[in-house]
Amino acid sequence: MKKIIIIMSILVLLICGCSAEKMNYEGNISSDVSSSNDINEMGGKKIVIDDYYGANLEKTIKELESKGFDNIDYEPDGYMFIFDTSNWIITKQNPESGQEVDPSSRVTFKCVKASDFDNQNESEEIVEDDDSTNKTEESKSDTVKGKLKKENKVNILKKIKGKSVSSAIRITKKHGYKAKFKHAISKMDYSIGTLKYTWPGKKLAKEVLVTKVGKINAEKKSIVLYFNSKKNIAKQNRKKRMRKVLSKRLDPISAWTAAEDYGRWNYNDSFNLHYYTMKYAERPINKKTWFLKAGCTIKSNGDKYSFTCEAKVAGTDNNPVVKYFIVY
């Protein structure tokens with residue numbers, strides 16, 4: 001009897017032990033699963049990378065940073081450094097578009113200058129996966145590329161300044177723009193046809209330079225260009241340098257004041273030189289003398305009379321000298 005009781009006790013202990021071990025095993029599994037879920041929740045949500053081909057680098061960096069990306073790198077094509085990210089366009093990216101990426105992962109872009117983007121080699125373009133790109137995304141990408149090409153054409157046209165008229169005509173035609181030419185001084189309007197028949201041949205067209213790029217209408221594909229001859233441009237530059245040198249020696253305001261004082265000394269205090277509202281000329285004759293011309297008024301017996309005054313003033317700010325003075 002005692003043997004039977006002992007055997008039954010051993011069986012009960014074995015059964016209880018197995019159940020406890022099973023419970024402990026299941027408990028461990030449950031604990032492991034719970035820990036795994038906690039890790040997934042703490043690890044952060046992965047984000048699908050967009051297609052950034054043709055996008056502005058500066059705007060793209062700001063967009064990614066707003067999504068939590070903090071490891072963004074970029075490589076300039078043909079240059080050592082990028083100083084202003086707003087002037088660069090993305091041509092390649094890693095990871096590619098459509099991939100799910102953790103924000104802590106590194107994102108790298110290859111870029112070209114905005115001015116060079118229009119002429120970018122097709123071999124450097126990103127090859128998109130046809131299976132992962134739908135028609136809506138392709139249409140959006142084409143719209144962005146078309147807009148960028150239009151902007152790049154405008155940037156190219158802005159750089160026409162300083163080129164010859166013959167080069168300007170060739171560049172505007174190449175990009176499908178109709179050019180309207182105006183003289184930089186007279187503002188007289190010339191069409192390409194007028195230039196063709198008025199100017200004696202291509203040689204003169206090469207001697208005339210674009211001095212200013214006016215209004216550019218990207219929708220109508222029209223552009224206004226101002227031109228002048230190399231000879232006149234050189235003459236104007238000499239006058240600017242002469243004016244700069246003379247102004248340091250004798251400021252034009254000091255010269256006008258000296259001329260007005262000279263007029264009051266000759267015609268009494270009723271003489272007024274209107275060099276602000278009626279200025280006709282203010283130019284350097286040489287590096288030491290100003291030529292001045294303006295309207296003036298003189299009161300006599302209660303009446304005011306209008307005249308024109310011319311003067312040549314030399315010297316310095318501290319000691320201006322009126323060398324010539326006439327009222328007519």
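What follows draws every value from the coordinates through simple rules; no lab data is involved. The model shown is predicted, which means the values in this text are computed figures rather than measured ones. Please note: Cβ atoms are built from the backbone with ideal geometry, for glycine as well, and neighbour counts cover all protein chains shown.
Label sites at D50 and D102, each approximated as a point 7 angstrom past Cα along Cα to Cβ, lie 2.4 nm apart. Remark: the E58-D73 segment gains 4.2 nm on full extension, using 0.36 nm per residue and subtracting the alpha carbon distance.
First measure r as the distance between the Cβ atoms of T297 and K158, then evaluate 1/(1 + (r/R0)^6) with R0 = 56 Å and state the FRET efficiency to the nearest 0.05. The computed FRET efficiency comes out at 0.75. When you count the other C-beta atoms within 10 angstrom of each residue and take the mean per peptide, 215-227, 287-299 line up highest first as 287-299, 215-227. A cut-off of 5 Å between modelled amide H atoms, ignoring neighbours fewer than 5 places along the same chain, links T316 with V321. Full extension of the chain between T277 and K239 gives 11.3 nm of extra length, using 0.36 nm per residue less the Cα-Cα distance.
Can you work out the FRET efficiency for the pair S222 and K287, with r the C-beta to C-beta distance and R0 = 45 Å, to the nearest 0.05? Display every interim value, and only then the final one.
Working: r = 43 Å, r/R0 = 0.96.
About 0.55, to the nearest 0.05.
Over 29 Å apart at the Cα level, from the set K215/K312; K92/K158; K113/K187, are K215/K312; K113/K187. The length gained on full extension between W265 and M188, counted as 0.36 nm times the residue separation minus their Cα-Cα distance, comes to 23.4 nm. Once both labels are positioned 7 Å from their Cα atoms along Cα-to-Cβ, the gap between K110 and Y305 label points is 8.3 nm.
For I298, neighbours were defined as the other residues whose beta-carbon sits under 11 Å from its Cβ, and their charges (Lys and Arg +1, Asp and Glu -1) total +1.
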